[in-house]
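The values are calculated or read from the model by the stated rules, or taken from the named source; none is laboratory data. Please read all numbers here as calculations on a predicted model, not as lab measurements. Reconstructed Cβ throughout: ideal geometry from the backbone, glycine too, with neighbour counts over all protein chains shown.
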Amino acid sequence: MKQQPFHLALPCKDIEETKKFYLNTLGAKLGRNSDQWIDIDLYNNQITFTASGKFDFDFKNYRLGKQVLPSFHYGIILEEKSWNDIYSILSQTKLNIVKEFTVFKDKNGEHRSFFVKDPNGYLVEFKNFKSKDEIFST
């Protein structure tokens, strides 16, 4: 199947703060937008944030090996250089970053990962697989 960009729509507490975070902090691009919603181009994927005011998601964490991970999150899989670049940039900010860790060490699907929280409370995950062929393998 040919790789295609995805679309994700999420509620947003503050359009301007969200726009600043994704454009200035993560280096994403702004797409179509209004004062009530914005389209963010995050690595050629469309995330639409719609102004909704205050909201809350009650979600649990889960354990994957030694790591405790948030059950509600979204993210992007990057090539090694891009992953290293964004991790280095974000590590030098005042953001609350879940430090780099490795999942499935020396097993099928081994990958490095870290999370950063956006202004809405969403956790954005950045992954880098040791072998791109193992992203979906079992």
When PHE59 is run through (1) closer than 24 Å to ILE135 by Cα; (2) part of a loop (DSSP other than H, G, I, E, B); (3) aromatic (Phe, Trp, Tyr), the failure sits at (1)
Considering the stretch 92-138 alone, what residues qualify as being more than 19 Å from ILE47 (Cβ to Cβ), crowded, with 18+ Cβ neighbours inside 10 Å and of a type in the set (A, V, I, L, M, F, W, C)? PHE129
What number of residues within the stretch 102-116 are modelled with pLDDT of 90 or more and assigned to a strand (DSSP E or B)? 7
Test result for LYS2, loosely packed, with under 12 Cβ neighbours inside 10 Å and in a helix (DSSP H, G or I): no
List pairs: first in the stretch 85-102 and under 9 Å from VAL116 (Cβ atoms), second at pLDDT below 95 and of a type in the set (Lys, Arg), Cβ under 9 Å, 6+ apart or cross-chain? LEU95/LYS117; ASN96/LYS117; ILE97/LYS117; VAL98/LYS117
Would you pick out the residues in the stretch 11-37 that are in a strand (DSSP E or B) and within 21 Å of PHE72 (Cα to Cα)? PRO11, CYS12
Restricting to the stretch 21-50, name every residue that is over 15 Å from the mean Cα position of the chain (by Cα) and touching a residue at least 40 places away in the same chain (Cβ under 8 Å). THR50
